[in-house]
Amino acid sequence: MKKLIIFGAVIIGLFAAIAFVTSYQQKEEVKDNPYHKKELDPATVEQLDDPNYQNIILPDELEKKLANHETVTVYFYSPTCPHCQRTTPIVVPMTKEMGIDLKMFNLREFEEGWDKYHIDGTPTIVHYEHGKEVKRIDGYHDEAVFREWFQSLRK
């Protein structure tokens, strides 16, 4: 009986140690992240070093830009959305090439954005001028469709 108790205590101790190490590693991964949150969705953590997901805009920053009647183009996405995963490698390099400052709003981390910005699905790109929405495009499209949409912003 004594051996069984010792064996059980060792097993519980091992699980506790594994849980501690895993928790510590996760906290280190998200330390100093651009979202300024202590905990992030695992899909967001995977994208932290991806060059296509570096131009993040936080909800407060977006609100400030809109309240100040600024012009801004925002890509509303979710890191778990398969259509976003296909769209991002198209639109991010394209907008860089075109000189468009495309801000990335992660709806997985800031779910209030769905209702606040009337987002029905991802990906959704919204262009605001003087703080007001003037144009949007929803869903996955071919590169030519996105290029035409972004070019129309310059007219």
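General remarks:
- Relative contact order %, the chain, counting alpha carbon pairs below 8 Å whose residues are six or more apart: 23
- Within the chain, the whole DSSP H helices whose Cα atoms reach 15 Å or more along their own axis and whose mean Kyte-Doolittle score is at least -1.0 are 2-30, 82-98.
- Distance from the range 120-155 to the range 31-73 (C-alpha centre basis), Å: 19
- Cα gyration tensor category, rounded, prolate or oblate, for the range 45-152 with a/c compared to 1.5: rounded
- Ligands, DNA and RNA left out, the 1.4 Å accessible surface of the chain is 55% carbon and sulfur atoms.
- With at most 15 neighbouring Cβ atoms within 10 Å, loop GluC sites (Glu not before Pro) (DSSP) excluded, longest segment of the chain: 112-155
- Among 51, 13, 93 the positive-end extreme of the charge dipole of the chain (Cβ point charges): 13
- Over the chain, accessible surface divided per residue gives 63 Å², non-protein components excluded, 1.4 Å probe.
- Here the extension length gained between residue 54 and residue 6 equals 12.3 nm, from 0.36 nm per residue of separation less the Cα-Cα distance.
- The phi-based Karplus calculation (6.51 cos²θ - 1.76 cosθ + 1.60; θ = phi - 60°) puts the 3J(HN,Hα) values of the range 37-46 at 10, 6, 10, 10, 4, x, 5, 5, 4, 4 Hz, whole numbers, x for Gly and Pro.
The values are calculated or read from the model by the stated rules, or taken from the named source; none is laboratory data. Note that the structure is a prediction, hence the values are computed from the model and not measured. So basically every Cβ, Gly included, is an ideal-geometry build from the backbone, and we count neighbours across all protein chains shown. Please note that ligands, DNA and RNA were not included when accessible areas were found on the heavy atoms of the full protein model with its side chains. Shrake-Rupley method; radii C 1.70, N 1.55, O 1.52, S 1.80 Å.
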